1. Please find, in a Gaussian network model of the chain (springs between Cα atoms separated by less than 10 Å), the residue of Thr56, Thr44, Thr99 whose mean-square fluctuation is greatest.
2. Kirkwood Rh over Cα pairs of the chain into Stokes-Einstein at 37 °C, 0.692 mPa s: D in µm²/s?
3. If I build a Gaussian network model for the chain, linking alpha-carbon pairs within less than 10 angstrom, which residue out of Glu64, Glu93, Glu108 has the largest mean-square fluctuation?
4. Short version: ³J(HN,Hα) in whole Hz for each residue of segment 114-119, in order, from phi by Karplus 6.51 cos²θ - 1.76 cosθ + 1.60 (θ = phi - 60°), x for Gly and Pro, what are they?
5. GNM on the chain, C-alpha springs below 10 Å: top fluctuator among Ala86, Ala205, Ala32?
6. When only Cα pairs under 8 Å and 6 or more residues apart are kept, what is the percent relative contact order across the chain?
7. What does the net charge come to around Asp175 if you take all other residues with beta carbon closer than 13 Å to its beta carbon, with K and R at +1 and D and E at -1?
8. Any chance you could count the Lys pairs in segment 3-124 whose alpha carbons are under 22 Å apart, treating pairs 8 or more apart or on different chains as valid?
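The values are calculated or read from the model by the stated rules, or taken from the named source; none is laboratory data. Keep in mind the model is a prediction, meaning the values are calculated, not measured. With ideal geometry, Cβ positions are generated from the backbone for all residues, glycine too; neighbour counts draw on all protein chains shown. The accessibility values were calculated without ligands, DNA or RNA, using every heavy atom of the protein model including side chains. Shrake-Rupley method; radii C 1.70, N 1.55, O 1.52, S 1.80 Å.
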Amino acid sequence: MKEIVKEHPLRPIILQFDLKKKALDFEVKALAAYYRMHDRSWETKQNLSQHKNTLTEIDIKTIELEYRLAPIELQLDFMEAAFKLADNVELPEIAEPFTIDIADFYEEVESHNKDLIALHKDITVEMQWFNDWADYIYENEDWFDEQDNEGDKLIHQVFKHYDEVSVDIISLDRDQQEFFGVLGHIRKLQQEYFDYGEEVSAQYARVHHESEAVYQRALRIKAYVDKHFPLDKESSGG
C-alpha cells in the first residue's frame with residue numbers, strides 16, 4: 001500500500017492505494033467526486049465566514065446609528081417643549097443653561113439619514129444573499145448539488161467492491177469520517193450565520209423605524225422654525 005496525501009485548503013485528504021491494482025472507472029469518478037465535495041465545502045465555508053463578517057459590520061453600524069439617535073431625540077424633546085409642539089414632555093434636569101444651534105441640528109439629522117440610507121443598501125444586498133442561500137439549502141438540504149450526490153453513490157459502490165478497487169477502503173472510511181466531522185463544523189457555522197442574520201435584520205428594522213420617527217419629528221420642527229423664524233434675506237439691487 002502506498003499512502004498518497006492530497007493537500008486541500010479544507011483538510012488534507014490521506015488515502016492508501018494498492019498500486020498493483022488498476023483503478024476502476026467508477027472508482028476514479030467516485031474519488032473525483034469526493035475531492036469535488038471538498039471543493040464545494042471549502043467554498044461554502046469561505047462564503048459563510050465572509051458573509052458573517054459582513055453581518056458583523058452591519059451590526060456595528062446599526063448600533064452606532066442607534067447611539068447617534070439619542071442626542072438628536074434629546075434636542076427634539078427640548079425644542080418640542082419650547083415650541084409647544086408636544087404636551088407633557090418629560091425633560092431631564094440640566095445643571096447649566098445651553099443652546100441648540102438649529103443649523104448644526106439639521107446637519108446632524110441629515111448626516112444620520114445619509115448613513116442610514118447607505119446602511120440600507122448594505123443590508124439589502126446581504127439579506128438577498130441570506131435569502132438566496134436559505135432557499136438553496138431548503139431545496140437541496142445541503143450545499144452539495146446533484147453531481148455531488150451522484151458521486152456519493154459511487155463512493156458506496158467503492159465500499160461494495162472493496163476487493164476490486166485500488167483504494168484501501170479502511171483508509172477511505174477513516175478519511176471520510178474525518179471529512180464528516182469537518183462538515184459538522186461548517187453546518188454549525190451555517191446555523192450561526194442564519195441566527196445572526198435574523199438578529200441583525202430585526203435590529204436594523206427596529207433602528208430604521210425609530211430613525212424614521214425621529215426624522216418626522218425633525219421635519220415638524222423645521223416647518224415650525226421656517227414659519228415663525230424665517231431667515232432674513234438681504235435685498236438685492238438698489
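1. Judging by the Gaussian network model, the answer is Thr99.
2. Details: Rh = 23.3 Å.
Translational diffusion coefficient: 141 µm²/s.
3. Of Glu64, Glu93, Glu108, the Gaussian network model singles out Glu93 as fluctuating most.
4. Couplings: 4, 6, 5, 5, 5, 5 Hz.
5. Ala86
6. Working: 170 pairs, mean separation 93.6, N = 238.
Computed over the chain, the figure is 39 percent.
7. Working: positive: Lys6, Arg11, Arg174; negative: Glu3, Asp168, Asp173, Glu178.
Net of charged neighbours comes to -1.
8. Counting lysine pairs in segment 3-124 gives 11.
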